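The values are calculated or read from the model by the stated rules, or taken from the named source; none is laboratory data. Worth saying up front: this structure is predicted, and the values here are computed from it rather than measured. In this analysis, Cβ positions are derived from the backbone assuming ideal geometry, glycine residues included, and neighbour counts consider all displayed protein chains. Side chains included, ligands, DNA and RNA excluded: accessible areas come from the protein's heavy atoms. Shrake-Rupley method; radii C 1.70, N 1.55, O 1.52, S 1.80 Å.
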Amino acid sequence: MLSKKVEKALNDQIKIEAESSQVYLSMASWAEVKGLEGIAGFMYGHSDEERMHMLKLVKYVNERGGHAKISQLKAPETDFGTFQKMFQKLYDHEIFVSNSINDLVHITLEEKDYATHNFLQWYVAEQIEEEALARTILDKINLIGNDKGGLYLFDRDIQQISVESAASGNLGE
Ligand code: OFO
């Protein structure tokens, strides 16, 4: 059985994962409208992953005798300026999520909830991979600078990049 404190913290994380999915969906739509198909595909995929992260938490809370609450979400931005700025936002957002997961893990230790602590290790590992992926993408973007040919290739190749491929060191090259 979850303590009220852990249940509330897990529900807060459910909202954060749902909002992450919305943020990346909004990025996908922006990129699609700008004709950046590869980037859009990457963001649509990322949005789906965040929804999966949310669902995993929903199921866990309910399985442990809690009630996963589906709440109203903050609307994401709709205009990201440039794709460079958009990927910087993605990176910043992942750092924010990692901090939130860390706080959550901390609460489970305070509450001596070792089952939830164990369950959350999957998220800890996932955040390491997502941060690494975002950093790798930002490095690539810096290399491209304002080169149009570079952007063309980046947009073409990014569809192959996923969190899993980043984790295995294969970045679609
Ligand atoms: Fe849910 O992993 Fe990104 O934010």
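Residue pairs whose Cβ atoms lie under 6 Å apart, sitting 6 or more positions apart in sequence or on different chains, and linking a residue in segment 64-88 that is over 26 Å from E131 (Cβ atoms) to a partner that is assigned to a loop (DSSP other than H, G, I, E, B) and among the hydrophobic types (A, V, I, L, M, F, W, C), are R64/L2; G65/M1; G66/L2.
Taking (1) more than 27 Å from Y152 (Cβ to Cβ); (2) open to solvent by 80 Å² or more (accessible area, probe 1.4 Å); (3) within 16 Å of the ligand (Cβ to nearest atom) in turn, D48 satisfies each apart from (1). Any chance segment 84-94 includes a residue that's within 15 Å of the chain's Cα centre (by Cα), of a type in the set (K, R) and closer than 28 Å to G150 by Cα? Yes, segment 84-94 contains a residue that is within 15 Å of the chain's Cα centre (by Cα), of a type in the set (K, R) and closer than 28 Å to G150 by Cα. Is it the case that E126 is within 13 Å of L90 (Cα to Cα) and surrounded by 14 or more Cβ atoms within 10 Å (Cβ to Cβ)? No: the conditions fail for E126.
Scanning segment 51-81 for residues that are of a type in the set (V, I, T) and either touching a Ser or Thr at 6+ places or on another chain (Cβ under 8 Å) or within 14 Å of the ligand (Cβ to nearest atom) (or both) yields a total of 2.
Just checking, how many residues over segment 55-83 are in a helix (DSSP H, G or I) and over 18 Å from G145 (Cα atoms)?
Filtering segment 55-83 for residues in a helix (DSSP H, G or I) gives 55-63, 83.
Those still in the list that are over 18 Å from G145 (Cα atoms) too: 55-63.
Counting residues in segment 55-83 that are in a helix (DSSP H, G or I) and over 18 Å from G145 (Cα atoms) gives 9.
Of the listed requirements (1) touching a residue at least 12 places away in the same chain (Cβ under 8 Å); (2) open to solvent by 20 Å² or more (accessible area, probe 1.4 Å), K4 misses just one: (1).
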